[in-house]
Amino acid sequence: MYEITFVNGEIWHGGDIERSKWNEMPNKPIRTIHYQLLNHSMIFENYEAYNHIVERTHLILNKEKEFISKIILMAKKGDIVYSCIFDLLSNKVYQETCEFGKEYYKQATSGWKEGLKNKDIIYKIEN
């Protein structure tokens, strides 16, 4: 599902939709995240910090049944967060930007991983 390239050149492979392994990733500065989902390829490179959210939803009639509705990838540069949202319910991919500290339904998130400072960023989505 995704591949991380650390600043030192090491490569780490994430898990799948059900188990992303984001929190199992080594604590090293990240250079690039390359993510593939819903026939799209997304690259964040040279950002200051990165984050990853798996949004889970319950069915109204059966609260015990849970499924993944969105995968949200975030990259921070300065006070701006750039998000790539893979909406699994609508089978669409879209982008958003917001102020840092308001990145998930206007709330701050935890789980940020260190990236690079003062570098030219690269952000690509291809299908």
Fill in: Under 19 Å from the K65 label point (7 Å along Cα→beta-carbon), backbone N, the range 1-29
18
Worksheet item: Rg/Rh for the chain: what does it come to with C-alpha atoms and Rh from Kirkwood?
Response: 0.97
Item to complete: For T97 and L38, compute 0.36 nm times the residue count separating them, minus their Cα-Cα distance, and round to one decimal in nm.
Response: 19.2 nm
Practice prompt. Find the centroid of the Cα atoms in the range 1-22 and in the range 110-127, then give the distance between the two in whole Å.
Written response: 14
Discussion item. Distance cut-off 25 Å, Cα to Cα: go down the list K65/K124; K92/K119; K76/K106 and report the pairs above it.
Written reply: K65/K124; K92/K119
Item to complete: Return the long-range amide H neighbours of K70 (sequence gap of 5 or more, or a different chain), with a cut-off of under 5 Å between placed amide H atoms.
Response: E55, L88
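Values in this text are rule-based calculations from the coordinates and carry no lab data. From a predicted model like this one, the values you see are computed outputs, not experimental measurements. Methodologically, a virtual Cβ is constructed for each residue, glycine included, from the backbone with ideal geometry; neighbour enumeration extends over all protein chains shown.
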